[in-house]
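> Structure provided below as structure tokens; questions to follow.
The values are calculated or read from the model by the stated rules, or taken from the named source; none is laboratory data. Note that the structure is a prediction, hence the values are computed from the model and not measured. Every residue, glycine as well, gets a Cβ built from its backbone with ideal geometry; the counts of neighbours run over all protein chains shown.
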Amino acid sequence: MPDPALSAAIKEAYAAAPSDVVILHTLELRHPAFVDNDGLVTAIRVVRDHIDLTARLEPGAPLDGGAMVTFVALAFDLSLPPIDTAPVPEITVTLDNVSREIVRHLDAAVATQDRIEMTYRPYLSTDKEGPQMDPPITLGLTEVEANALQVTGRARMLDIGNKAFPSETYTATRFPGLAR
């Protein structure tokens with residue numbers, strides 16, 4: 001089943017595989033505890049390539065929307081979630097040869113209850129003015145494990161099936177008429 005979020009240019013690159021166009025896979029990890037040396041909230045941005053990538057984020061990006069940002073070259077492995085009727089698509093992400101900075105950010109995230117958000121954006125080597133997927137895929141990263149060589153985590157889309165509806169919880173404290 002084709003993915004309607006992909007641009008025509010990346011569909012052509014997937015289908016024709018021209019030798020002068022490379023698909024650059026990027027990941028952005030966000031968490032409120034990820035702060036830079038100045039105390040500002042930042043994101044971990046990596047590209048699966050041998051050189052860093054400077055590219056423009058989409059205008060609606062949660063952090064630095066529409067700005068030119070740098071994705072650091074890093075080996076990682078992921079397989080995109082299938083486009084099917086599975087209740088909650090889930091993938092495994094592995095980042096190899098992680099830096100101390102990434103491990104420092106992940107250690108800070110462990111101390112909080114917030115989850116790490118991961119956004120996947122594909123770029124073309126010939127067009128760095130925006131990702132070739134609109135909207136990009138955003139997943140929640142869970143079960144993160146780190147060792148000296150790599151970081152592995154499981155990422156899943158929003159589990160809408162297990163959300164409470166209505167989202168308000170009715171308790172006897174807030175609504176005394178419920179108690180008998």
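> So which of L24, L74, L29, L78 is modelled with pLDDT of 90 or more, aliphatic (A, V, I, L, M) and more than 20 Å from R100 (Cα to Cα)?
L24
> Sort out which residues of the stretch 48-67 are under 17 Å from the mean Cα position of the chain (by Cα) and touching a residue at least 40 places away in the same chain (Cβ under 8 Å), and write them in order of number.
L53, A55, R56, L57, E58, G60, A61, P62
> Give me a count of the residues in the stretch 139-150 that are free of Cβ contacts under 8 Å to residues at least 40 places away in the same chain and closer than 29 Å to E58 by Cα.
4
> Ok, one more. Inside the stretch 81-94, can you point out the residues that are more than 17 Å from H31 (Cα to Cα) and modelled with pLDDT of 85 or more?
Result: T92, T94.
> Among the numbered criteria (1) within 16 Å of the chain's Cα centre (by Cα); (2) closer than 23 Å to R156 by Cα; (3) surrounded by fewer than 16 Cβ atoms within 10 Å (Cβ to Cβ), which one does V103 miss?
(1)
> Among all residue pairs at least 6 apart or on different chains, which show Cβ distances below 8 Å where the first residue, located in the stretch 90-119, is touching a residue at least 40 places away in the same chain (Cβ under 8 Å) and farther than 12 Å from V144 by Cβ and the second is of a type in the set (G, A, S) and part of a loop (DSSP other than H, G, I, E, B)?
The qualifying pairs are I91/S79; D96/A75; N97/A75; T119/A61.
> Check every one of the strands (runs of 3 or more DSSP E) wholly within the stretch 26-142 and list those with 3 or more residues that are touching a Ser or Thr at 6+ places or on another chain (Cβ under 9 Å) and of a type in the set (D, E, K, R).
none
Results for (1) within 30 Å of A17 (Cα to Cα); (2) at pLDDT 90 or above; (3) in contact with a helix residue (DSSP H, G or I) (Cβ under 9 Å, 6 or more places away or on another chain), shown as yes or no for each residue.
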position	(1), (2), (3)
A55	yes, yes, no
N97	yes, no, no
V110	no, no, no
K128	yes, yes, no
